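What follows is a set of notes on a single structure, which appears directly below.
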Amino acid sequence: MTTPTSDPAELLRAYDEQLRQEAEVPSAITVDRLGPLVLATYLGGRGFITYRSLDTPNAPATVASVRELVRQALAHFEALPEIATVEWKTRGHDHAPGLHDALVEHGFVPDDPESIMIGEAALLAVDVELPEGVAVRRVTDEDEVRAMTAMQGEVFGDEPAELEAMVEQILHRLRTRDDMEMWVAEHDGRIVSAGRLEPVDGTEFAGIWGGATRPEYRGKGIYRALTAARARSAMGYGKRYINSDSTEFSRPILERSGFLKVSTTTPYEWRRAR
């Protein structure tokens, strides 16, 4: 039996080694490389930039080299007229001198930072008592997936066009791959909480994403039960760890279960001028 780890440095090493670069873009339509960068495109006109390190084999990253990477990456997406938005995913523990300034100079706008949470799946896979009339289940039907994402979009305040692009991306992945599950909690048939599970092939990890709960249903153990169901499913895939980019709503729930904050992540978004 594997001994559980409580060492955040060990968890962060596993995260960096197993979950970065191509492992982050399973839903992408195209994936290109630009030096250390992974440049991905998605349905709905979305671009995405990630990497494991901005250093090169010959030298550590500098302010000048980072600025040049930002310039070249943006030029790559600007040359693709179908791309309307681009996200550059940063991590707080990376060596990335001058990255914030370079991104802002090139029109990227930072969003709120989130906590990178990691822990043993077994810590989450516990029985949780649900309020009367609430049930947790997996959904696969297209209409149910659309209803689920509509609820998430309502909670997160997504713009209609962005939400529709996300729905099409999710449906495309569900039709073409078998590495994502959609889970909901319902109260008398109405979706009140939802989230995805994404087991990552070739790793010890499964990610829990998109966790959203209607405000009036928070604090009742519903999200915790939804998380437990996803963790049990992840263990069925043989996954040891769960990872999540958590807001300040979900971070305390995971911390109470023994999960550790190993770093932060902040998305920067560029939008094409209309």
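FYI, it's all coordinate maths here, none of it is from the lab. Just so it is clear, the structure is predicted and the values come from calculations on it, not from any experiment. No Cβ is skipped: glycine too gets one built from the backbone with ideal geometry, and neighbour counts run over all protein chains shown.
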12 Å Cα-Cα reach of Lys239 towards aspartates and glutamates, excluding residues that sit fewer than 8 places from it in its own chain: Glu120, Glu198, Asp201, Glu204
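Please give the charge dipole size of the chain, origin at the Cα centre, charges +1 on K and R Cβ atoms and -1 on D and E Cβ atoms. Round to the nearest 20 debye.
Numbers: 31 positive and 45 negative charges, 51 e Å.
So the magnitude is around 240 debye.
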Distance cut-off 22 Å, percentage of C-alpha pairs in the range 42-166 lying past it: 58
Trypsin sites (Lys or Arg not before Pro) restricted to DSSP loop in the range 141-223 with at most 15 other C-beta within 10 Å: Arg177, Arg218
Spherically averaged projected area of the chain from its Cα convex hull (nm²): 14.8
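Of all DSSP beta bridges in the chain, what percent run antiparallel (nearest 5)? The partial results should precede the final answer.
Working: 50 of 57 bridges.
Counting only bridges with both partners in the chain, antiparallel ones make up about 90 percent.
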Cα centroid separation, the range 211-230 to the range 23-93 (Å): 33
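Determine by what factor the alpha-carbon radius of gyration of the range 139-252 differs from 2.2 N^0.38 Å, reporting the quotient.
On the way: Rg = 13.7 Å, N = 114, 2.2 N^0.38 = 13.3 Å.
Cα Rg divided by the expected 2.2 N^0.38 Å: 1.03.
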